[in-house]
Amino acid sequence: MDILSTLLSQKVSTQQDKQSDFERVFWFVNLMKWVQRPRSAEEKNTKSETVYTVRIKYLLMVLNNNPSIKENFIHNIRLLLLKLSSPGQLTQAGLPESSSFIQDFTHRLQEKIIPKKQLSEDLSTLVYEIFPQEEESLYLDFIEADVLGELLGFFQPDQELIQKLKLDTLTSCYILSHEVLNHSLMIQKELDLLNNQPQALPEFRLEGLLRQKQMHQEKMITEVELFEVEAIEKNMDTLFAQMKDRGVKIQLVYLFQIQKRKINRLRTLLQFLSDEIPIALTFRYFVSQLVLETQHQKSLKSFFSENLALLTDRIVQTHSHIGEHYVTFTWSDFHKMFRNALGGGGVTGFTVIVKHMISDLKWVGFIKGLADSLNYSTSFMLIQMLGWTLATKQPSMTAPYIASALQTSTTEARKSIIALLRTQFIAVLGNLTMVFPVCFLFSWFCIYTGRPFISEHESLEMFRSTNILGPSALYAAFTGVLLFMASLIAGWFENWILVNRVDKRIKYNDRLQKYFGQNRVQRFSEFLKEKSNPLAANISLGFLLGFVPQIMKFLNIPLETRHVTLATGGFASALPAALRSGVSNMEIFNSASGILVIGFLNITVSFSIAFLLASISSKVKFRSFWRLLKWSIHFILTKPWLLLVPEKTKRSDG
């Protein structure tokens, strides 16, 4: 007797107690493991996609040739179906138990920690035990419908079982229709679109139809109910598009995801009660989707990627639009960028001077961090208000633009990357060209007048802080992460303004209009709506650069920040005093080289993380980016002069 016949011949108690239920489930799991076992030598020519069909055919042959084994098989499966096909199981298996993003996350987290539920008590746990890999759903999809139909036909004579399953399915459909209606009303309430006539909603109509069928136990579904499901999906698509225009709210995205999954489950269960679709096809799809839903429900990764994807996509799209303005294609734009970078460098020079003055006050901890943060934020905001440029803020904005160009074509991406490299180079050059003389001349003037604002000891410490042989490279990479984080905060803040209609609340606030006047309030609300992204980016970057070093110091973590423009200003400020103390040419060279490394890492780390996020959001393949990166390196090595000499042709409008 082979393994399958041995399994099928096993006698399980016919009693319906917990021990018998467990033995029956254990028997079924072993039977499924036989179906899923690795291909044997005799099956080496069988395609992996069809192996389930081949084995089910063999199972059917064994059952048809052994009436007693067949009877035992039908009896065990019958009791399993009665146990695990209740409305509670059909409406909850693989679906979230809560309508709250936080509660669902907490539930998934605790499921990772506490022991799993009994296999005989929970359909989701049983499905996950049998199908631990998501890929199993693909093999289920390839099972031939005729073969599966023959297997399901074994239970057709048992009308008591069939009627019980149909009634449970009908009850499940009604429960799901009620939940779908509830979620639809919640979504429309969140969007301020709640209809005064909810009876006009397809969700309301379907819930009413199924309520009537449930009351009269009508187990036959017509095209009317399935048509209403399609109408519900169209309604959800419309609401989803409106949400994207109004700003992305995580809880609302979560509600949409739940709604989508419940609608899909509702449609599948309705199809079980319809004569339009063969039962084998519906059953195959139901089990396949149940595997996917169960895997999804237990995965924290899919939970976050699914619910945060839309917010990430919105941030990336915003940054892509902003980043396009940071890329120059013509001589006039090129010159304008350089002039703006000079202005940004000049302001940063005075920021460095103020930073030295703050250091002289000997403040520490929170007060020092707050003072530095306000200094940086004010400086960055001033640069923004004057229309000037700080080069290190560009990469996190331009990376999504390059990812968007890669979606269009490789040729477009190459044109954009050339322009980006040239723009980034000239922006950094402009910043450093101005910040260096401002800081150097101020420091030299103070020494010349006999009032040095930096002591020789402090100047040497500052001078050596950019030494290429020190930890400045690590600090620069860390600063690149902070630059990216600032852009992420900016995107989130802009979305928050949009979601909560903050600009409109300010615009129509009677108290604000009373104190400041209607025109001022209106101008401020428009400013907040249009400039919320750069406003948040500048303030958050300033506070990150100011507070993070103090937090790291408090935690006794030897990690500091190194921003290329600020570091250049510090180097220039320290240089006059360092020269007086007899610093060597080699030390000057090492510190100057360190600044180049700091600039390179600030930009590349920020750009790389932003591009990675953008590529995931826009589904750009990594190999496309890798090819573009290799081409860019080859371009820089073979034609470095093009970083300074843009083409004299104007960019086409298209």
Note: among Ser137, Ser86, just one is in contact with a Leu (Cβ under 8 Å, 6 or more places away or on another chain), at pLDDT 85 or above and among the small types (Gly, Ala, Ser), namely Ser137
Counting only residues in the range 343-360 that are of a type in the set (Val, Ile, Thr) and under 17 Å from Trp444 (Cβ atoms), the one surrounded by the most Cβ atoms within 10 Å (Cβ to Cβ) is identified as Val352
Please find, within the range 293-305, the residue that is modelled with the lowest pLDDT out of those that are surrounded by fewer than 17 Cβ atoms within 10 Å (Cβ to Cβ) and assigned to a helix (DSSP H, G or I).
Ser305
Only helices (runs of 4 or more DSSP H) wholly contained in the range 444-516 count here; list those with 3 or more residues that are small (Gly, Ala, Ser) and crowded, with 17+ Cβ neighbours inside 10 Å.
472-499
Report whether or not Arg505 is at negative phi, over 35 Å from the mean Cα position of the chain (by Cα) and at pLDDT 85 or above.
no
Per the filter on the range 89-100, residues in contact with a helix residue (DSSP H, G or I) (Cβ under 6 Å, 6 or more places away or on another chain) and at pLDDT below 80 are Ser98
Quick check on this structure: which one of Arg78, Arg55 is of a type in the set (Lys, Arg), surrounded by 15 or more Cβ atoms within 10 Å (Cβ to Cβ), more than 18 Å from Leu290 (Cα to Cα) and within 41 Å of the chain's Cα centre (by Cα)?
Arg55
Quick one: in the range 576-586, of everything that is in contact with a helix residue (DSSP H, G or I) (Cβ under 6 Å, 6 or more places away or on another chain) and in a helix (DSSP H, G or I), which residue is surrounded by the fewest Cβ atoms within 10 Å (Cβ to Cβ)?
Pro576
Apart from one, (1) part of a helix (DSSP H, G or I); (2) within 19 Å of Arg284 (Cα to Cα) all hold for Thr171; the odd one out is (2)
Tally of residues being farther than 22 Å from Pro132 by Cα and either of a type outside the set (Phe, Trp, Tyr) or in contact with a strand residue (DSSP E or B) (Cβ under 8 Å, 6 or more places away or on another chain) (or both) across the range 79-105
10
Return a yes/no flag: does the range 547-554 have any residue that is touching a Ser or Thr at 6+ places or on another chain (Cβ under 7 Å), within 30 Å of Tyr448 (Cβ to Cβ) and modelled with pLDDT of 90 or more.
no
Scanning the range 153-181 residue by residue, the ones that are farther than 11 Å from Thr91 by Cβ and without any contact (Cβ under 8 Å) to a residue 60 or more places away in the chain total 9
Is it the case that some residue within the range 400-413 is assigned to a helix (DSSP H, G or I), in contact with a Phe, Trp or Tyr (Cβ under 8 Å, 6 or more places away or on another chain), among the charged types (D, E, K, R) and modelled with pLDDT under 75?
no
Look through Lys189, Lys260 and report the one residue that is in a helix (DSSP H, G or I) and either modelled with pLDDT of 90 or more or of a type in the set (S, T, N, Q) (or both).
Lys260
Go through (1) of a type in the set (A, V, I, L, M); (2) modelled with pLDDT under 90; (3) out of contact with any Asp or Glu (no Cβ under 7 Å at 6 or more places or on another chain) and name the single condition Ile497 misses.
(3)
If we ask which residues in the range 59-74 are surrounded by 14 or more Cβ atoms within 10 Å (Cβ to Cβ) and part of a helix (DSSP H, G or I), their number turns out to be 9
Members of the range 165-199 that are out of contact with any Phe, Trp or Tyr (no Cβ under 8 Å at 6 or more places or on another chain) and among the β-branched types (Val, Ile, Thr)
Thr171, Ile175, Val180
Pairs only if they're at least six apart or on different chains, beta carbon under 6 angstrom, first in the range 56-70 and farther than 26 Å from Phe142 by Cβ, second in a helix (DSSP H, G or I) and at pLDDT below 90; list them, first residue then second.
Ile69/Leu8; Ile69/Ser9
Does at least one position in the range 587-596 carry a residue that is out of contact with any strand residue (DSSP E or B) (no Cβ under 7 Å at 6 or more places or on another chain), part of a loop (DSSP other than H, G, I, E, B) and either more than 17 Å from Phe440 (Cα to Cα) or not polar (S, T, N, Q) (or both)?
no
Unique residue being modelled with pLDDT of 85 or more and surrounded by fewer than 16 Cβ atoms within 10 Å (Cβ to Cβ) when the list is Asn30, Asn45
Asn30
From the option list Glu190, Glu228, single residue qualifying as crowded, with 19+ Cβ neighbours inside 10 Å and either touching a strand residue (DSSP E or B) at 6+ places or on another chain (Cβ under 7 Å) or under 18 Å from Gln259 (Cα atoms) (or both) is Glu228
Could you figure out which of (1) touching a Ser or Thr at 6+ places or on another chain (Cβ under 6 Å); (2) not in a loop (DSSP other than H, G, I, E, B) isn't true of Asp146?
(1)
Please count how many residues of the range 533-573 are free of Cβ contacts under 8 Å to residues at least 40 places away in the same chain and closer than 26 Å to Val438 by Cα.
0
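The values are calculated or read from the model by the stated rules, or taken from the named source; none is laboratory data. A quick note: this is a predicted structure, and the numbers were derived from the prediction, not measured. Here the Cβ is made from the backbone with ideal geometry for all residues, glycine too, and neighbour counts use every protein chain on show.
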